[in-house]
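Laboratory data are not the source of any read-out in this text; all were calculated from the coordinates shown. Fair warning: this is a prediction, and the values are worked out from it, not measured in the lab. Every residue, glycine among them, receives a Cβ derived from its backbone with ideal geometry; neighbour counts consider all protein chains shown.
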Amino acid sequence: MKQCSKCKEYKVEEDFHKKKSAKDGFQSRCKECNKEAVASWQLENPDWYIDTPSRPAYKRHHLSLELYAELLNTYNGKCWSCKESDSNLGIDHDHSCCSGTFSCGKCVRGVLCVNCNTALGLLKDSMDKIQLLLEYASKF
């Protein structure tokens, strides 16, 4: 039996989540109290989910579903760069505005396939580097 630090009730260990770093191997709050605490925190912090990979891409980039659909339909669901169809299209944004993985929504440039988005990112959006790569590739 273990006492919950929140509700002060004694409960069986199965009523507590495991926690390796805890002395007894369990969290101090029971599962029920922990669930309430998490729900309360989420209500107080409505944007908590914005930068989590499990959320839809358009939400992580602060876009409405309508705008996201418009971006996808611009080239009939194809990459804006290579114009090839790809089931794994990503939202491209200007990294000079938002340096992280996700954008503020104002710096979204378009929709790219994984290859085009990766290439652009590896070249750090540098027009000089892109031009040099084009010149190099045209020699062969």
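For the chain, return all DSSP H helices satisfying: extent of Cα atoms along own axis at least 15 Å; mean Kyte-Doolittle hydropathy at least -0.5.
Values: long enough: 31-44 (20 Å, -0.92); 127-138 (16 Å, 0.26).
Those that clear 15 Å and a mean of -0.5 are 127-138.
The alpha carbon centroids of the stretch 105-140 and the stretch 53-82 are separated by 19 Å. What percent does the relative contact order of the chain come to when contacts are Cα pairs within less than 8 Å and at least six residues apart? It rounds to 14 percent for the chain. For residue 19, go through the aspartates and glutamates and keep the ones whose alpha-carbon is under 20 Å away, minus same-chain ones fewer than eight residues off. Reachable aspartates and glutamates: 9, 32, 36.
Quote the FRET efficiency, to the nearest 0.05, computed for residue 76 versus residue 140 with a Förster distance R0 of 35 Å and r equal to the Cβ-Cβ distance. Using R0 = 35 Å, I get an efficiency of 0.65.
Scanning residues 5 or more positions from residue 29 or on other chains, those with amide H under 5 Å from its amide H are 5, with H placed 1.01 Å from N in the peptide plane. Mind scanning 83/124; 78/106; 31/59 and naming the pairs with a C-alpha gap bigger than 24 Å? From the list (83/124; 78/106; 31/59), the Cα-Cα distance tops 24 Å for 31/59. For residue 92, the residues whose amide H sits under 5 Å from its own are 109, 110, 111, 112, ignoring neighbours fewer than 5 places away on the same chain, with H placed 1.01 Å from N. Taking mean projected area of the Cα convex hull in nm² as the quantity of interest, determine which of (1) 11.1; (2) 13.3; (3) 7.3 was computed from the displayed structure. Read-out from the structure maps to (2).
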